[in-house]
Amino acid sequence: MVNVQLPDGSIRSFDAPLSISDVAMSIGPGLAKAALAGKVDGRLVDTSFRIEHDSKLEIVTDKHPDALEIVRHSTAHLLAQATQRLFPGAQVTIGPVVDNGFYYDFAYERAFTPDDLAAIEAEMSKIVAEALPVQRSIMAKHDAIEFFKAKGELFKAEIIDDIIPPGEDISLYGQGEWVDLCRGPHVPNTARLGSFKLMKVAGAYWRGDSRNQQLQRIYGTAWLNKKDLAAYLTQLEEAEKRDHRKIGKQLDLFHMQEEAPGLVFWHPKGWAIWQVIEQYMRRVYRASGYQEVRGPQILDVSLWKRSGHWDNYADNMFFTESEKRTYAVKPMNCPGHVQIFNHGLHSYRDLPIRYGEFGSCHRNEPSGALHGILRVRGFTQDDGHVFCTEGQIESEVSAFHQQALKVYQDFGFGEVQIKIALRPEKRLGDDATWDRAEDALRHALAKAGVEWEELPGEGAFYGPKIEYHLKDAIGRTWQLGTMQVDFMMAGRLGAEYVDEHSQRQHPVMLHRAIVGSMERFIGILIENHAGALPVWLAPTQAVVMGITDAQGEYVAEVAKTLENQDFRVVSDLRNEKVGYKIREHTLQKTPYLLVAGEREKESGSVSVRRRTGEDLGVMTVAEFAEHLRAEVSSLGQ
């Protein structure tokens, strides 16, 4: 007798072992037809997997959270099979699932072309129509090595020889004439696929080592249905229009160049955006009890060894030397803030102590990972650290949470997802300390009535963290703010306070940021608003232009009057037709376009238009100033 417990708690009993597809059929033919895989006692398996003993079972259909990854993994195999059908000399290497899709690396005698991708995609569709059963088999390690060598698949043979422990059997998956090394699981047959598109070809090295043979990586995307695929492709088209690199160049905000990889040259308009954000965040922190501090840019490596960064983060750090001493350029601000805390003796009555810094940091990111101002090597964080007692964690996390949500709303992000990143494999401290830290975050969020998702293995090496994931205008999600509980770094760096019993204790250290990297946040804002930033954020809030040269002096006077009221205004005195000027400043995403002819000059007024084309009519300069002030005053500008 085999008892199978379903997610609703019901139990089905069977006289003999049976497959997951058999269990699904016993529930109903509709479920059997919809089943993609199964989850037995928490482990994903194929529908052909036989249940031999009492187990908990979930039937994975396209409604299940694991369905999409299984479909993408199976579509990667579809890609490899189609490629080898069309190009028999191509060797397959690895083909994992990645964000929004998958890839497969191939070794082939020539470069694949766009026409090749189109042909491969068409062949994939043919294999889907063939509805080939996907079947798992087991082979001994030695036999598997010989099997792949005989097929000319030398890369596969090398993987098996290097990675699979001696004596361990090899899991293979086949569909039709094609077979590959894989742990699975996969869909029951190729007809369950079909909502995919191949995206591009890129270079890659075998096993990620530049000393090895260069391969060709074909990227694709796959979805559960045609509707989701179409929505994703539409999102990509919209994202291309919103690319911050293109808009940054169009609006003259910043540039980057080869002599400074991963570093940003800010132009006046881009720096104006930066300053608005920084001053806004400075007001937020001041109102929340933070004291602004500033730490050194480089510190002796001995400090980074004591903090734990040397053992856990050295590969991401830049180093320099002077007078036979080695220094590290700071990748983060926390050790410096501990030194400020240590400069004096603190009582428990002083806690919590909150430090904030717009700290410039540098991290040695791989060149291939750099992406405009979204992924850089030099960046500035709205960084802060709270030194507190363990009993103060909950109130500090709750206050930060409310503060963060308000900031995101002000910047135009209404949908925020909360996640807790848990202990990584490479970390400081013992499990008991991590249990306390993780539970502290859970309790704080629970008390605040917040729902969250947990991300095993994604915490920082010194502590777990709450992550704030924001959805933008076209549905993409960006991870921004963090709140991290750290029971270790303060003690490692000698931070102490005197408790109510006159005993010295190490404070808890909370690492927090709301916008994170200023560079990345500005890039996200540009893409979220497609360059048309809200009036309070726009680098130029209004432009004043005349119809003829006769209004030049008046235009300059209006611009100066508005500038004196702390508005960001420019005048356009060029000898061009006013229609040309309006079109140009509309493309520059300037929120307000003010036009003055002789009539406006005589009456001390301006004709007001929005960048959207809306005509607001004629206003006196004072009336427009009041209108503009009202639009930004809700954010304290």
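What follows draws every value from the coordinates through simple rules; no lab data is involved. What you see is a predicted model, and the numbers here were worked out from it, not measured in a lab. In this analysis, Cβ positions are derived from the backbone assuming ideal geometry, glycine residues included, and neighbour counts consider all displayed protein chains.
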Here the qualifying pairs (Cβ atoms under 6 Å; residues six or more apart or on different chains; first in the stretch 145-164 and in contact (Cβ under 8 Å) with a residue 12 or more places away in the chain; second charged (D, E, K, R)) come out as 145/161; 148/156; 157/149; 164/141
The number of residues in the stretch 102-117 that are within 13 Å of residue 197 (Cα to Cα) and surrounded by fewer than 16 Cβ atoms within 10 Å (Cβ to Cβ) is 1
Within the stretch 118-172, restricting to residues that are surrounded by 13 or more Cβ atoms within 10 Å (Cβ to Cβ) and among the polar types (S, T, N, Q), the one that is farthest from residue 71 (Cα to Cα) is 171
Across (1) among the hydrophobic types (A, V, I, L, M, F, W, C); (2) in a helix (DSSP H, G or I); (3) farther than 22 Å from residue 61 by Cα, residue 191 clears everything bar (3)
Here the residues within the stretch 259-277 that are within 17 Å of residue 537 (Cβ to Cβ), touching a residue at least 60 places away in the same chain (Cβ under 8 Å) and touching a Phe, Trp or Tyr at 6+ places or on another chain (Cβ under 6 Å) are 270
Pairing a residue in the stretch 198-218 that is touching a residue at least 40 places away in the same chain (Cβ under 8 Å) with any residue that is part of a loop (DSSP other than H, G, I, E, B) and exposed (fewer than 11 other Cβ atoms within 10 Å of the Cβ), where Cβ atoms lie under 9 Å and the two sit 6 or more apart in sequence or on different chains, gives 201/111; 201/113; 216/111
Has the stretch 59-66 got any residue that is free of Cβ contacts under 8 Å to residues at least 60 places away in the same chain, part of a loop (DSSP other than H, G, I, E, B) and acidic (Asp, Glu)?
yes
Checked the stretch 6-52 for anything assigned to a strand (DSSP E or B), surrounded by 11 or more Cβ atoms within 10 Å (Cβ to Cβ) and under 37 Å from the mean Cα position of the chain (by Cα); matches are 37, 38, 39, 40, 44, 45
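Taking the stretch 311-364, which residues are of a type in the set (Ser, Thr, Tyr) and out of contact with any Leu (no Cβ under 7 Å at 6 or more places or on another chain)?
313, 320, 322, 326, 347, 348, 355, 360
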- Is it true that some residue in the stretch 90-97 is polar (S, T, N, Q), crowded, with 17+ Cβ neighbours inside 10 Å and in a loop (DSSP other than H, G, I, E, B)? yes
So, first residue in contact (Cβ under 8 Å) with a residue 24 or more places away in the chain and more than 16 Å from residue 376 (Cβ to Cβ) in the stretch 229-258, second residue assigned to a helix (DSSP H, G or I) and among the aliphatic types (A, V, I, L, M), Cβ within less than 6 Å, six or more apart or across chains; the pairs are 247/526
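Got a sec? Which of 490, 513, 495 is part of a loop (DSSP other than H, G, I, E, B) and within 24 Å of residue 382 (Cα to Cα)?
Values: 490 fails: part of a loop (DSSP other than H, G, I, E, B); 513 fails: part of a loop (DSSP other than H, G, I, E, B).
Answer to the selection: 495.
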Scanning the stretch 563-609 for residues that are touching a residue at least 60 places away in the same chain (Cβ under 8 Å), over 15 Å from residue 539 (Cβ atoms) and not in a loop (DSSP other than H, G, I, E, B) gives 606
The stretch 316-431: strands (runs of 3 or more DSSP E) wholly inside it with 1 or more residues that are surrounded by 19 or more Cβ atoms within 10 Å (Cβ to Cβ) are 325-329, 353-362, 378-388, 416-421
